[in-house]
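Chemist: My questions all concern the structure below.
The values are calculated or read from the model by the stated rules, or taken from the named source; none is laboratory data. In this text the structure is predicted, and so the values were computed from the model without any measurement. Heads up, the Cβs are rebuilt from the backbone with ideal geometry, glycines too, and the neighbour counts pull from every protein chain shown. For the accessible areas, the whole protein counts, side chains as well, though only heavy atoms, and no ligand, DNA or RNA atoms are used. Shrake-Rupley method; radii C 1.70, N 1.55, O 1.52, S 1.80 Å.
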Amino acid sequence: MINIKTMLIDGMPLIGTGEPFSVINPATEDIICQCNMASTEQLDQAVAAAKRAYSTWRQTPDAERKRLLHEIADHLEQHADELASIIVQEQGKPLALAQIEVGAAVGWTRYTAELDIPEQVFENSDTRYTTAHRKPLGVVASITPWNWPLMIAIWHIMPALRAGNTVVSKPSGLTPLNTLRLVQIINEVLPKGVVNVVLGEADIGNAISRHIDINKVIFTGSTPTGQRILSNSANTLKRLTLELGGNDAAIVLPDTDINQVAESIFNTAFLNMGQTCAAIKRLYVHESQYEEMGKALADLASQQVVGNGLNPATTFGPVQNARQYRLVSELVEDARRNGGHIICGGEASSEPGYFYPPTIVSNVSKGVRLVDEEQFGPVLPLISYSEIDEAVRMANSCEYGLGGSVWGSDLELAEMVACQLECGTVWINKHAEVLPHIPFGGCKLSGVGVEFGVEGLLEYTQLQVINRHK
């Protein structure tokens, strides 16, 4: 059992007064912690605390905010082993991947600490001096998912703090423990009330998106939930950053060396057991190389060691929760019924835990659920094409537009194809690479706004133009 169950509001640990819930280890299906949801009154307390703290935090000198973010990174490093262990137990990923997540969280915090908002002068003439000023927004609410629970919390919280805002965080009820611990660690450094954390699911999420004293919501998660947040926020016109679902397409051009790219394609399709918004979800391969690609990916799948993430030999952990586990199974069975060929995998484990092996499915196309829907799990459909224009049409015939990629040795052709894809980021001979200095965001039903870099930081600010006549 993990004994981290208290929320933190205004620097004080509190047990939620709402419904109790259990945190489950997806590798064993054992309960590892019992927690309680927050009540809406406790959410109001957290928002009020953040609002009080904002009046002082916004005045904190820029150099001091930088210093404090670096101090938070120091504390995260000191607790790296603890945080990684919590991630494995509540999220399921292998320990090595959890350690990478913690290390990336530290690095992202340090990078964000050093970001500066650029000064901008619109006009400096004989009659007018007009400048841009960026002010913090106020109280920012962060709502995070269960797939990269620590990393995404850092993505939300650190730029909010860097820009001078205060925060109320709400993690997923499936993986709340590392975020509770993160906020405890942050509160060892920052004044009380600057960062608060509450627990809850849809009721608290709806209350957050409607709350009159929350000035911005940043959310990473499903498109239906993002649409509900957008609707709920209409009355207050609060700022939003929504990083939503994706059904990322990758196109392998006919000149591609399959042996050279197969491992990278496999790793970015099955990153975090496929539970990554910007993982490859649909793979389009030219008919001349279709069978070769399927065999190469199946060979890589067979090398994976599926098991409990705390076992050092494990390279492939469980699906995080029972609902997602059932969805993955349903999509594979639907593909099988519709003529899909299971090249490898395709059978759920009969042992305890939500284990599903890396699965490659061929002989599928648009109209099959596995191609049309975001599987968000360890299954990859392979779709054959004969002409590149056909591959582009199929890749774009999707309501999502988060990421995409093009693979091939002819880089000029690859870039030409990349420009035709309807998504926020296109990688060439890479996929799912997000970096702290490069903006990332989706189009269509994959989101609103961007994260990372200066462009992401500016989303936590209000532009004010000062027009001074001489």
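Chemist: If I model a spin label as a point 7 Å beyond the Cα along the Cα-Cβ vector, how far apart are those points for LYS470 and ILE100 in nm?
Modeler: Simple spin-label model gives 5.6 nm for this pair.
Chemist: Given H placed 1.01 Å from N in the peptide plane, which residues other than close sequence neighbours of ILE343 have an amide H under 5 Å from its amide H?
Modeler: The list, which skips near neighbours in sequence, is ILE360, VAL361, SER362.
Chemist: Would you pull out the residues with amide H under 5 Å of ASN36's amide H, same chain only if 5 or more places away, H placed 1.01 Å from N?
Modeler: GLY16, PHE21
Chemist: ALA234 to MET12: FRET efficiency via 1/(1 + (r/R0)^6), r the Cβ-Cβ distance, R0 30 Å, to the nearest 0.05?
Modeler: Approximately 0.35, to the nearest 0.05.
Chemist: So, with a 1.4 angstrom probe, what is the percent of accessible area on region 79-223 that is carbon and sulfur?
Modeler: Answer for region 79-223: carbon and sulfur cover 52 percent of the accessible area.
Chemist: Quick one: what are the phi-derived ³J(HN,Hα) couplings along region 140-145, Karplus 6.51/-1.76/1.60 with θ = phi - 60°, whole Hz, x for glycine and proline?
Modeler: So the Karplus estimates, Gly and Pro as x, are 10, 9, 10, 10, 10, x Hz.
Chemist: Defining a contact as two alpha carbons under 8 Å apart and six or more residues distant in sequence, what relative contact order in percent does the chain show?
Modeler: Relative CO of the chain lands at 18 percent.
Chemist: At 222 nm, what helix-only mean residue ellipticity would the chain give, in deg cm²/dmol to the nearest 500, using -39500 (n - 2.57) for each DSSP H run of four or more? Can you show the working numbers first?
Modeler: On the way: 15 runs with 178 residues, N = 470.
About -11500 deg cm²/dmol.
Chemist: Also: Give me the log10 of I(q) over I(0) for the chain at q = 0.05, 0.06, 0.07, 0.12 Å⁻¹, as the Debye formula computes it from C-alpha points; what are the numbers?
Modeler: -0.19, -0.27, -0.37, -1.04
Chemist: Sticking with this one: R0 = 41 Å: FRET efficiency of THR131 with LYS295, Cβ-based, nearest 0.05?
Modeler: After rounding to 0.05, the efficiency reads 0.10.
Chemist: Relative to the present Cα-Cα distance, how much length would full extension add between ALA80 and HIS341 at 0.36 nm per residue of separation?
Modeler: So the extension gain works out to 89.7 nm.
Chemist: Let me ask another. Pairs on different chains or at least eight residues apart, Cα atoms closer than 24 Å: how many lysine pairs in region 138-282 fit? Before the final figure, lay out each step's value.
Modeler: Values: LYS170/LYS192; LYS170/LYS216; LYS170/LYS238; LYS192/LYS216; LYS216/LYS238.
Total qualifying Lys-Lys pairs in region 138-282 comes to 5.
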